[in-house]
1. Please count how many residues of the stretch 504-517 are over 20 Å from M467 (Cβ atoms) and buried (at least 24 other Cβ atoms within 10 Å of the Cβ).
2. In the list A319, A309, which residue meets the criterion of being under 21 Å from N356 (Cβ atoms), at pLDDT 85 or above and open to solvent by 20 Å² or more (accessible area, probe 1.4 Å)?
3. For the list (1) closer than 25 Å to L151 by Cα; (2) open to solvent by less than 40 Å² (accessible area, probe 1.4 Å); (3) not aromatic (F, W, Y), I need the number of the one condition that L230 fails.
4. Answer with yes or no whether V256 is open to solvent by less than 20 Å² (accessible area, probe 1.4 Å), modelled with pLDDT of 90 or more, more than 30 Å from I207 (Cβ to Cβ) and not in a helix (DSSP H, G or I).
5. Here is a check on your reading of the model: is W91 assigned to a helix (DSSP H, G or I), of a type in the set (F, W, Y), surrounded by fewer than 20 Cβ atoms within 10 Å (Cβ to Cβ) and without any contact (Cβ under 8 Å) to a residue 40 or more places away in the chain?
6. Collect the residues in the stretch 465-490 that are in contact with a strand residue (DSSP E or B) (Cβ under 9 Å, 6 or more places away or on another chain), open to solvent by less than 50 Å² (accessible area, probe 1.4 Å) and not polar (S, T, N, Q), keeping them in residue-number order.
7. Kindly evaluate S82 against the criterion of being within 19 Å of the chain's Cα centre (by Cα) and at pLDDT 95 or above.
8. Going through the stretch 155-180 one residue at a time, which ones are touching a Lys or Arg at 6+ places or on another chain (Cβ under 7 Å) and free of Cβ contacts under 8 Å to residues at least 24 places away in the same chain?
Amino acid sequence: MAHAQSRRGAVILRPYLYVWKTRATRMSPLFVAIAAFLLYLRTLAPDVFVSDFAEFQYLPALLGLPHPNGFPLYMLMGWLWSHVPLGNVAWRMNLLSALWGSIAVGVTAAFAHRLSGRARAGILAGSLFAVTPTFWGYSLLAERYTLNTALIVAALWATWEATRCWGHARGQRLLLLASFSLGLGLTVHPSDALLIPFWFAYALWAIPPLRRDWRAWGRMAVAGAAPLVLFVYVPWRWAAFADAPLLPGIGRSEAVYRGLVHVWYEPPLRWNLVWHYVAGLGGYASGLLLGGWDDALARIGDVWPYWRAEIPWPVALLALWGGIRLARREHRLAVVLLAFGVYLTLMVAYIQQGKNDAYLLPAFWIVLFAGGFALDGLPGWPERVPLDRAWITALLSIPLALAVIRYPDRDLSRRVDVRAWWEATLQLPLEEGAALLGHWSDFTPLWYLQHIDGRRPDLLALFPPDMDNVIRPWVRRGRPLYQAAPTHGWAPDLPQTYALVPWGRLSRIVPRDEHVPCPAPANARHISSPPLDITLVRVPVSLQPGEVSTLQFCWKANRPLPHATFVGVRFVPLEGERGFENNDRLVPAWYPLNPIPAGMEGLGMVALQVPLGTRAGSYRAELVFFTLPPGGSPS
């Protein structure tokens, strides 16, 4: 009797279990997207970063003009997002990348699921793409590439769906949606233009009636061109900064050196300059087509390391088998994607830009998308057969294993060193209206701190470190100038032309006959030691865990010192607790003199930061000096 009741219960539950399984299958892309978002959220960078990342952390909030081509959709979206009351602005903008990264992963999983008819193929494709190092990395910092990838995948999916129902009004609407997505992509990153010819060829190949339907092409052209109206952002913001004064002696807008506009900016509004800015690097595609193939093939070896880092050999085998399965299901799409991936690889080899991995993202996506179809190619055993389940489990475990392996390198959740470096540097005694010298990418974190946090907004950041157009005109006017980074060959005669006075993590650039006095007060404490004479300038009385402060001192070398001379402050507890130590270089790592000559004077600094979790109490501070010989231990 009990056995009969259990059978009746199983019969009653079976429809509900089927409905639950069906819904779970349909929702699998959402589950993949949520898992990717949680992974990105856990490893998200918490604060300001460097280079382009810092630029896109602060500039959208100011509606500024970033480097070409302006990226108006990202800038306007970033302006809205920057006002969401979540964390600091840098973390907020990083979160936007994580959000679009997870959306791109979810759309990838949904596309693969829809094309193959199997949820497991979508799960594998989305998961493989989610943990690829480049895409994972760009999902943790403010950048355009996750949004751009989501738009590209959406356009491809909509186009494929349109090929299946072109005879209905839905097919035409989907193709208009694909055109609109590609147009939006152009307002996020100009490289999307490389996809358009391949997308166009696929649409003509897969939808024969479209070849003679000029009305449809007209509607698609309108849908694709409509988002380009967003480029009105460029002349609008170009005119907004026209009132910024020209920098005396240099002749460029001060807005450039305050990080509000790109270096190409020149007031007033001129359409030829605006077009040059929007077109950006558009000539590279035509350069490849008009004879750059030999150069691209000659440089192809420079691109393979990116492929090896992104696609390990087990994933490459999956992609090979999955690509065959994809071609059997949809040979037109497979051929077009393969051609686009090869062309993109050649293009990256030809242009050799600074972010080769970012430009290759669509090509990586193609391979990993195909990898998901490896599950589609399993023999058609029923799912109750244990061998089938073992294959599925083994293949789906590959993304999990890759996530575990790559996690330590991708985790940016503790990266606060950029803020700490600049906060300590800005505590140096720098004159009102002084300028720092370096490269553009060196100063984007500084501009973030100035515009978002209000730290030392009076300072200017001059770049590039050009002797004739920047350094000489500025020093000639008697304005304070500090070198904040290496010149990378821009001014090779700088050490012979000017005196470079070590100034903490900076180097003060002054005429050779000018003496820079020590900023120490008259009643400062003097300490004489064999390597250095020390005069204390700034000594913090109390420190809070996590807070950045500095110990500052004037110094004079009693004898020649190795370039790698370090200054340390040991904090020894008076009550027996465990102490800690902070160290800094006596001169910047890029300082040109080696060794430091006897008689050299400068301002030294040790950045002080109490580790989180340190117990409150009284500590004795000990000042120590040591050197690091090549391959040796401290002495």
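1. Matching residues across the stretch 504-517 total 1.
2. On inspection, the qualifying residue turns out to be A309.
3. Only one criterion in (1) closer than 25 Å to L151 by Cα; (2) open to solvent by less than 40 Å² (accessible area, probe 1.4 Å); (3) not aromatic (F, W, Y) is unmet by L230, namely (2).
4. For V256, the condition - open to solvent by less than 20 Å² (accessible area, probe 1.4 Å), modelled with pLDDT of 90 or more, more than 30 Å from I207 (Cβ to Cβ) and not in a helix (DSSP H, G or I) - is not met.
5. When the stated conditions are applied, W91 does not pass them.
6. Within the stretch 465-490, the subset in contact with a strand residue (DSSP E or B) (Cβ under 9 Å, 6 or more places away or on another chain) is 465, 470-471, 474-475, 479-485, 487.
Next, from what is left, pick out any that are open to solvent by less than 50 Å² (accessible area, probe 1.4 Å): 465, 470-471, 474-475, 480-485, 487.
Hits for the stretch 465-490 are P465, V470, I471, W474, V475, P480, L481, Y482, A484, A485.
7. No.
8. Across the stretch 155-180, there are no qualifying residues.
The values are calculated or read from the model by the stated rules, or taken from the named source; none is laboratory data. As the structure is a computational prediction, the values presented were derived from the model and not from experiment. Virtual Cβ from ideal backbone geometry, glycine too; neighbours counted across all protein chains shown. With ligands, DNA and RNA removed, areas are computed over all heavy atoms of the protein, side chains included. Shrake-Rupley method; radii C 1.70, N 1.55, O 1.52, S 1.80 Å.
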